[in-house]
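To start, the structure under review is shown below, and the notes come after it.
The values are calculated or read from the model by the stated rules, or taken from the named source; none is laboratory data. All figures in this text were calculated on a predicted structure; none of them were measured in a lab. Every residue, glycine among them, receives a Cβ derived from its backbone with ideal geometry; neighbour counts consider all protein chains shown. Calculation scope for accessible area: heavy atoms of the full protein, side chains included, ligands and nucleic acids excluded. Shrake-Rupley method; radii C 1.70, N 1.55, O 1.52, S 1.80 Å.
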Amino acid sequence: MEIQRTKSLMQRGKIGNCTVYCVKTHRRRLRLPFRLVSSPSIKFEMMWKLGFAFLLVAAASICEAAAIFSPISEAHRSAALELFSPAAGMFTSLEEASESLRTFEVLGIEIGTDLKDSTCKSVVDALSSGSPNSKDLYYALRVSSVLKCKISEGDLTGGVALRLKDFVKDAKSLLDFYYSIGGLVLIKDQASEVDVLLEDADGIFRSVKDLSQSDGKWRYNSNNPESSTYAAGIALETLSGIITLKSSEIDGNLIHALKKDVVKLFDNVDKYDDGAYYFDDQFVDASGHQGPVSATSSVVRGLTTLASTSGSLNIPGDKILGLARFFLGIGVPGTGKDLYYQIDALACLDQNRVLVPLILSLPASVLSITSQDKLKVKVTTVLGSTGPPLSVKLMQVFSSGSKDASIINKELKFDHKEAVHVLDALPAGVDVGEYVFAFEIALSDLEHKKIYATGGRTKVPVYVTGVVKVENDKVEVLESDSVETQQKLDLPGKNDVALAANHLQKLRFSFQLTTPLQNPFKPHQALLKLRHESGVEHSFVVGNSGKLFETTLDFLGLVENFFYLSGKYDIELTVGDAAMENSFLQPLGHIELDLPDAPEKSARPPAQPINPYLRYGPKPEIAHVFRSQEKRPPQELSYAFLGLVFVPFLAFLIGLLRLGVNMKNFPTSTIPAAFAILFHGGIAAVLGLYGLFWLKLDLFTTLKTLGVMGIFLMFVGHRALSHLASASEKVKSA
Amino acid sequence: MIGNKIRHDTTWNHRDDRYGCKRTRNRGGDSVHGCKVVVIRVNLQSPNTSRLRSRTLNPNQNMAKFSIATVFIASISLLLALTRSFSVENPTDRRILVLLDDLALKSSHSIFFTSLQARGFELDFKLSDDPKIALQRYGQHLYDGLVLFSPTTERFGGSLDVAAILDFVDSGKDLIVAADASASDLIRNIAAECGVDFDEDPSAVVIDHGSYAVSGTEGDHTLIAADDFIQSDVLLGSTKIEAPVLFKGIGHSVNPANSLVLKVLSASPSAYSANPKSKLSSPPSLSGSSISLVSVVQARNNARVVFSGSLDLFSNKFFKSPVQKAGSSNKYAKSGNEQFVTELSKWVFHERGHLKAVNVRHHRVGETDEPAIYRINDDLQYSVEIYEWSGSSWEPYVANDVQVQFYMMSPYVLKTMSTNKKGLYHASFKVPDVYGVFQFKVEYQRLGYTSLSLAKQIPVRPFRHNEYERFIPTAFPYYGASFSTMAGFLIFSFIYLYSK
């Protein structure tokens, strides 16, 4: 919450140069409680920081603090419905039920009858069960006071009230007193005929008062020296309960001392720069749920209850208002507990007998001067109901640019229909820009001053916006200060200038801005951008000299910054300001730059980010290119050549026949003839083996077979040939 | 046990610790998260358990048996306990440490935290300076994710520092970092290590006079209505985010050299990063749509990191507030923050976009068994099943851009696989006529998805001698010539010897 709070402060526009200080102060002070709790070892550092923080606070006190606090809104209602709606149709505990129902009651949310019946049933169960715990009874009674459960009288009179009285007698710790006395007060409110008065109110009062500390804080019980602000709130509520339930007068001195304690308690209050006050609790109990919200809420509750029973308390109005601002400043808490504390405290503040804070809020703090928005101010109580008759005056207007303020003192007109105070026209001299308006609330009835806290001057940041006129806008290319080309622009509008320049020339770009009140206007953002085709960007601030905004780009000095990149540059102009309604981003056209070639050691342009969509896309497919088949002649040609190949063989056969070959030399005797046949048969077999080798055999089989055949062939060949040789020898010799 | 299971299961969830961020670091470590852990846990705990048990029951001879049984039971129960946390089979994070610089954030950002808890995450909230912070104990990580909602913290408590956080990311864990206008150097350093550079000027915030959120009370245009989202269903969900996202904080730029960082939410072209309270004297270091408002990093080990320049982006206030972008007449009752943050957190905690590939198969067309070697010019079929984790179960992943490569030094074949829309991807192609040791590769990297990187080695051989074509018609004249010569020789030898 505190972080959120700090941020809200930062969001809400601190004015002037003190901003940083203010924010830093917050940070340090805010984080303090948690740090101290979580790591005591760094206490020294903390103390140093604390001292530093106080210095900063001193420095920050001169800061202008301005913030808008809005009363409870619809957001709280929807948050309450979300956070408190029980999941299973039943509240898990009576404590949760009482907190939820209290929040719903304040915010005006009706709960369903089913839930009501089931909760009432558990209330009756708790009251009649004879619980040994005053806490259960207290929460049961709180729930029934909201839901108006029908509880048979017997339960209340006979049991609960007597039991609670017993609890009061036996009570030792603060919480025991709180629950039992709180329970009795609730019974008194619900059933006036039941006797709940305490006989020894004075004594009980004293024993509770004994737990108080000198600084206004309270202890939970007498054994525990740790004191807490949360406990102080509880104690105040308990004591006012005792005052309600008294049967005899309580010593006036005691009440006087109590009121002094309250004032002392307010000495410990912490403050934000925007005027919000809160109590911090450094003591965390077992539940661990103690922080500024719960502590402040508890004090507010105790304070307002005490005021309702024992008359006015002497508390300054700005502190009461500050407490209200604290609760409004935390926005919508995200946990049920915190939301309950916030809403409960605000409900207590909404109607109390100390002082009722009146919250000045602006429905809109961004006003358009062009559409003549009227400044509306709403003054309500913290829960958003209309306040008493009053008038609102605009006292001062601070401009963000200058320190001095114009004093105005102008009363706002009250619009009865919308219940807002309207400023007819903005004060003279208020042009577009950021301002802080200081308002004062004046109550019509002087008697009301004792009832309501208005908190003196309320400072509110206001943004005045308007349409700014752009004039004399032109772009020029200069060569040694003489204008080479000049082009008029139309801003804001469509432009498409086409310029060309080299590195010896300059580009001058100028325009003028005037506010609706004809004052010169200086926007926060006036940037000229040149973007090269490759994506390299260069921005230049368009500076102003008096009225005229002008920037001159001397390309000779810029070539290095431009990475010697020649080519087309797109020109883009951005003019924007928080107060300028027509902030624009305009492409103006392009300029062709002719820059010298880059020297060797010049810086390379920075890498441009790769488009992630392209980077992650699928890659182009790759198909393998297979080796192409060798070119072959057509089959017919092969067959034709096959035929041709056999022609010599045929010719050989025919030639043999022509020559008249015969077989006369063939051996006639049986044995040589057999060898000759075997020999030639062997040759034919070897040739046949070659044929088989071609068809299917592998080399090894072939060689093996060939080996066997070769030996056989050698043997028969030798016999056949030697026979033939001997036969021819015989012929020769013959 | 898990180790074995994983080794048998052909799962290529690439979640080992190869660092994805800017730095180049070399680290050893277990490649599959979870395996080592089991072993350690069993060793640590089982002796204790068995001792304890054996003391209460004291049968001497049964003791050995019994302690084995207790070890077994203990390991089973540990396995059950571990299945609740991050594992390969169940990649969603479970235990998340949330570091806050103020406990009040728990309340102001409760919707975000509640939505995480409702989705089954165990959140452990700690103050960032809590001295008891530890990310790991006995070498085992205590958390699966870390949320740093502590922009102002200068030093973490306990042993946590930048190196420990980067180590955490190195081991495949996830991280959300939110900064704001007061971001400390610590947060900036963590971001810079991952390639995200927040604007160095500490007072600068993102201002946009062009697309600010129209508000009755905030006039300084630092509350930005951003709607330049990355186009990615896996990052931001399939439902389009209609309403702009409210942003208030600092901008950052992403390192163009780092391909692992993605801008998820970019600023509009008119945005710039500067101090709104002081005059702009020099051009802002960040301007235009190069400003990133929210970025994500997916490291090479699939660890995911989100960087946001705004802590308020996650706050209840922004979740609930209505939004209207300047210059547009569309008013939205609720900003897009809740949807944006919820969807992004689903991504970062691995409820979406986590892929696994199983059942990688390849075989010749017409066969079913996987061969040990392919021959050139074979026709083959490759198939893989890819599933996406939906947060509770593995759903078939449907896409039309999964590609397989047949790779040796460079891809020879790169083909987009066709899918049956039930997770099965297959492609068939002819083995190139180049022999050598090839790889089937699936390198699947898509925006936002975890990367899949599968590689399977397979040799390719040339034709055997008897696998070539035998009787080529072109050679018939040669055959004819040989045989006619052979016949001629036979006849000639006969005639020569016996003719008179």
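Tell me the residue from A:GLY322, A:GLY302, A:GLY334, A:GLY329 that is closer than 12 Å to A:LEU236 by Cβ and either without any contact (Cβ under 8 Å) to a residue 24 or more places away in the chain or open to solvent by less than 10 Å² (accessible area, probe 1.4 Å) (or both), please.
After ruling out the rest, the residue left standing is A:GLY302.
Quick one: in the range A:84-103, of everything that is in contact with a Lys or Arg (Cβ under 9 Å, 6 or more places away or on another chain) and not acidic (Asp, Glu), which residue is farthest from A:SER73 (Cα to Cα)?
A:LEU94
Can you go through B:TYR374, B:TYR407, B:TYR387 and tell me which one is within 14 Å of another protein chain (Cβ to nearest Cβ) and within 24 Å of B:ASN302 (Cβ to Cβ)?
B:TYR407
Kindly state which helices (runs of 4 or more DSSP H) lie completely within the range B:96-210 and contain at least 2 residues that are crowded, with 20+ Cβ neighbours inside 10 Å, within 12 Å of chain A (Cβ to nearest Cβ) and not charged (D, E, K, R).
B:104-108, B:110-118
Which of the residues belonging to the range A:506-530 are away from chain B (no Cβ under 14 Å), outside any strand (DSSP E or B) and touching an Asp or Glu at 6+ places or on another chain (Cβ under 7 Å)?
A:THR515, A:LEU517, A:ASN519
Consider the range B:441-500. How many of its residues are part of a helix (DSSP H, G or I) and either within 7 Å of another protein chain (Cβ to nearest Cβ) or more than 60 Å from the chain's Cα centre (by Cα) (or both)?
26
Could you check the range B:315-328 and list, in sequence order, the residues that are within 13 Å of chain A (Cβ to nearest Cβ) and either without any contact (Cβ under 8 Å) to a residue 12 or more places away in the chain or in a loop (DSSP other than H, G, I, E, B) (or both)?
Result: B:SER315, B:SER321, B:PRO322, B:ALA326, B:GLY327.
Report those helices (runs of 4 or more DSSP H) wholly inside the range A:153-214 carrying at least 3 residues which are surrounded by fewer than 20 Cβ atoms within 10 Å (Cβ to Cβ) and in contact (Cβ under 8 Å) with a residue 12 or more places away in the chain.
By residue number, A:174-190, A:201-209.
Restricting attention to the range A:560-594, report how many residues are of a type in the set (A, V, I, L, M, F, W, C) and in contact with a Ser or Thr (Cβ under 9 Å, 6 or more places away or on another chain).
Number of matching residues: 9.
From the list A:VAL436, A:VAL467, exactly one residue is modelled with pLDDT of 85 or more, within 14 Å of chain B (Cβ to nearest Cβ), under 39 Å from the mean Cα position of the chain (by Cα) and surrounded by fewer than 18 Cβ atoms within 10 Å (Cβ to Cβ). Which is it?
Of the residues listed, the single one that is modelled with pLDDT of 85 or more, within 14 Å of chain B (Cβ to nearest Cβ), under 39 Å from the mean Cα position of the chain (by Cα) and surrounded by fewer than 18 Cβ atoms within 10 Å (Cβ to Cβ) is A:VAL467.
For the structure I just gave you, tell me whether A:LEU687 is surrounded by 14 or more Cβ atoms within 10 Å (Cβ to Cβ), facing chain B (nearest Cβ under 10 Å) and modelled with pLDDT under 90.
The answer is no for A:LEU687.
Every residue in the range B:390-404 that is assigned to a strand (DSSP E or B) and away from chain A (no Cβ under 13 Å), please. Let's see the steps before the verdict.
Step one: list which residues in the range B:390-404 are assigned to a strand (DSSP E or B), which gives B:394-396, B:403-404.
Residues satisfying the conditions are B:TRP394, B:GLU395, B:PRO396.
Filter the range A:619-638 down to the residues that are at the interface with chain B (Cβ under 7 Å from one of its Cβ atoms) and more than 60 Å from the chain's Cα centre (by Cα) and list them by number. Walk me through it before giving the result.
The initial filter retains those residues of the range A:619-638 that are at the interface with chain B (Cβ under 7 Å from one of its Cβ atoms), namely A:619, A:621-624, A:626-627, A:632-633, A:635, A:638.
Those that are at the interface with chain B (Cβ under 7 Å from one of its Cβ atoms) and more than 60 Å from the chain's Cα centre (by Cα): A:ARG627, A:ARG632, A:PRO633, A:GLN635, A:SER638.
Which of the residues that make up the range A:582-606 are modelled with pLDDT of 85 or more and within 9 Å of chain B (Cβ to nearest Cβ)?
A:SER583, A:PHE584, A:LEU585
Please list, ordered by first then second residue, the pairs with beta carbon atoms under 8 Å, 6 or more apart or interchain, first in the range A:267-286 and at positive phi, second modelled with pLDDT under 80 and part of a loop (DSSP other than H, G, I, E, B).
These pairs meet every condition: A:GLY275/A:ALA65; A:GLY275/A:ALA67; A:GLY275/A:GLY455.
Name every residue in the range B:291-311 that is open to solvent by 10 Å² or more (accessible area, probe 1.4 Å) and either charged (D, E, K, R) or not in a strand (DSSP E or B) (or both), in order of residue number.
Answer for the range B:291-311, where residues must be open to solvent by 10 Å² or more (accessible area, probe 1.4 Å) and either charged (D, E, K, R) or not in a strand (DSSP E or B) (or both): just B:ARG300.
Give the residues of the range B:442-485 that are open to solvent by 70 Å² or more (accessible area, probe 1.4 Å), in contact with a strand residue (DSSP E or B) (Cβ under 9 Å, 6 or more places away or on another chain) and more than 25 Å from A:PRO618 (Cβ to Cβ), sorted by residue number.
B:ARG464
Restricting the range A:698-734 to residues that are basic (Lys, Arg) and under 18 Å from A:SER669 (Cβ atoms), which is most open to solvent (accessible area, probe 1.4 Å)? Reasoning before the result, please.
Residues of the range A:698-734 basic (Lys, Arg): A:704, A:719, A:730, A:732.
This time we only want the ones that are under 18 Å from A:SER669 (Cβ atoms), so: A:719, A:730.
Numbers: A:ARG719: 104, A:LYS730: 140 Å².
Selected residue: A:LYS730.
So is A:TYR613 at the interface with chain B (Cβ under 8 Å from one of its Cβ atoms) and more than 43 Å from the chain's Cα centre (by Cα) or not?
no
Only one of these conditions is not met by B:GLY249: (1) of a type outside the set (A, V, I, L, M); (2) part of a loop (DSSP other than H, G, I, E, B); (3) farther than 30 Å from A:VAL460 by Cβ. Which number is it?
If we test B:GLY249 against (1) of a type outside the set (A, V, I, L, M); (2) part of a loop (DSSP other than H, G, I, E, B); (3) farther than 30 Å from A:VAL460 by Cβ, just (3) comes out false.
State whether the residues of the range A:633-641 include one that is modelled with pLDDT of 90 or more and of a type in the set (Ser, Thr, Tyr).
Yes, the range A:633-641 contains a residue that is modelled with pLDDT of 90 or more and of a type in the set (Ser, Thr, Tyr).
Is it true that A:PRO667 is within 12 Å of another protein chain (Cβ to nearest Cβ), closer than 24 Å to B:PHE476 by Cα, not acidic (Asp, Glu) and not in a helix (DSSP H, G or I)? Talk me through it step by step, then tell me what you get.
Details: within 12 Å of another protein chain (Cβ to nearest Cβ): yes; closer than 24 Å to B:PHE476 by Cα: no; not acidic (Asp, Glu): yes; not in a helix (DSSP H, G or I): yes.
In short, no.
Condition check: part of a strand (DSSP E or B) and acidic (Asp, Glu). Does A:GLU560 satisfy that? If you could, list the steps in order and put the result at the bottom.
Numbers: part of a strand (DSSP E or B): no; acidic (Asp, Glu): yes.
Taking the combined requirement at face value, the residue does not satisfy it.
Could you check the range A:396-433 and list, in sequence order, the residues that are assigned to a strand (DSSP E or B), hydrophobic (A, V, I, L, M, F, W, C) and more than 14 Å from every other protein chain (Cβ to nearest Cβ)?
Hits for the range A:396-433 are A:VAL397, A:PHE398, A:ALA405, A:ILE407, A:ILE408, A:PHE414, A:VAL422, A:LEU423.
Residues are listed down the side, and each one gets a yes or a no for (1) among the aromatic types (Phe, Trp, Tyr); (2) in contact with a Pro (Cβ under 6 Å, 6 or more places away or on another chain); (3) part of a loop (DSSP other than H, G, I, E, B); (4) within 9 Å of chain A (Cβ to nearest Cβ):
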| position | (1), (2), (3), (4) |
| --- | --- |
| B:PRO256 | no, yes, yes, yes |
| B:SER268 | no, no, yes, yes |
| B:LEU280 | no, no, yes, yes |
| B:PRO283 | no, no, yes, yes |
| B:SER289 | no, yes, no, no |
| B:LEU313 | no, no, no, no |
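Quick one: would you say B:LEU424 is under 30 Å from A:ILE610 (Cα atoms), under 25 Å from the mean Cα position of the chain (by Cα) and touching a residue at least 24 places away in the same chain (Cβ under 8 Å)?
So B:LEU424 fails the test.
How many residues does the range B:413-440 contain that are surrounded by fewer than 19 Cβ atoms within 10 Å (Cβ to Cβ), within 11 Å of chain A (Cβ to nearest Cβ) and either in a loop (DSSP other than H, G, I, E, B) or hydrophobic (A, V, I, L, M, F, W, C) (or both)?
Here the count works out to 2.
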